[in-house]
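Below: one structure, written as structure tokens.
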Amino acid sequence: MDTSQDSTLTALVTGATSGIGREVTRQLAASGWRVIAVGRDQQALTELAQASELITARAADLLEDDLAALVPERVDALVHAAGISPDGGVEHTGAEGWSRVFALNVTAGAQLVRHALPALRRARGTIVLVNSGAGTAARPRNTPTPRASTPCARSPTVCASRRRSTGCGSRPSTPAPPTPRCSPGTWTGKP
């Protein structure tokens, strides 16, 4: 789909079939954006596409499929909301599990940004890397999970340098209520 000559803003949203990604997709379409909704759940993608003519569903596994093929000619915003966390905590997650977490949460987001940069630069677009609360604080039964936005969330300087180096904006987003570094019940008081 060539959207380069159309004035409708276009967003590429990963993780669009559930949670934050789905809500971002719905809200962007309701605001008049054309949305390329990427996810693995075909039924959820079909429902999204039926909900708005502005939503184009793209079934893809970000760990298996060609990421460059997901990027349309025009991209005003890239929202990487896809992410996973280990099922069992640190003591039950081996190297293969962590490799999968990093591949989806960090590497896939970075590669999508790389492929979308030419279009984002032309549009002076925005990159939104969605983090989970798991990436920001220790909680009972929760494994700290690396996400693509974690470095940016920790350092505003990183975001500013991304704007200068890429020509487009980068916005980390951690949609969770503010919490102390250690939630109640996780700190024993001993170093």
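Okay, here's what the table says:
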| quantity | calculated |
| --- | --- |
| Residue match in region 89-106 (condition: charged (D, E, K, R), buried (at least 16 other Cβ atoms within 10 Å of the Cβ) and at negative phi) | no |
| Hey, A81 within 16 Å of L129 (Cα to Cα) and in contact (Cβ under 8 Å) with a residue 40 or more places away in the chain or not | yes |
| Among residues of region 59-72, those that are in contact with a His (Cβ under 7 Å, 6 or more places away or on another chain) and either surrounded by fewer than 18 Cβ atoms within 10 Å (Cβ to Cβ) or among the aromatic types (F, W, Y) (or both), counted | 1 |
| Selection within region 37-58 - surrounded by fewer than 23 Cβ atoms within 10 Å (Cβ to Cβ) and closer than 15 Å to L112 by Cα | R58 |
| Residue check, V75 surrounded by 15 or more Cβ atoms within 10 Å (Cβ to Cβ), of a type in the set (V, I, T) and either on the phi > 0 side of the Ramachandran plot or part of a loop (DSSP other than H, G, I, E, B) (or both) | yes |
| Region 18-35: number of residues that are in contact with a helix residue (DSSP H, G or I) (Cβ under 8 Å, 6 or more places away or on another chain), surrounded by fewer than 24 Cβ atoms within 10 Å (Cβ to Cβ) and either modelled with pLDDT under 95 or farther than 12 Å from H80 by Cα (or both) | 3 |
| Any pair with Cβ under 9 angstrom, 6 or more apart, that starts in region 96-113 at a residue that is touching a residue at least 60 places away in the same chain (Cβ under 8 Å) and of a type outside the set (S, T, Y) and ends at one that is assigned to a helix (DSSP H, G or I) and surrounded by fewer than 16 Cβ atoms within 10 Å (Cβ to Cβ) | L112/A68 |
| Residue in region 84-122 that is farthest from the chain's Cα centre (by Cα), counting only those that are closer than 21 Å to L9 by Cβ and of a type in the set (A, V, I, L, M) | A119 |
| Boolean, E53 is under 18 Å from L28 (Cα atoms), among the charged types (D, E, K, R), assigned to a loop (DSSP other than H, G, I, E, B) and at pLDDT 95 or above | yes |
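The values are calculated or read from the model by the stated rules, or taken from the named source; none is laboratory data. Owing to the predicted nature of the structure, the values given are computational and were not obtained by experimental measurement. As a convention, Cβ positions derive from the backbone with ideal geometry for all residues, glycine included, and neighbour counts pool all protein chains shown.
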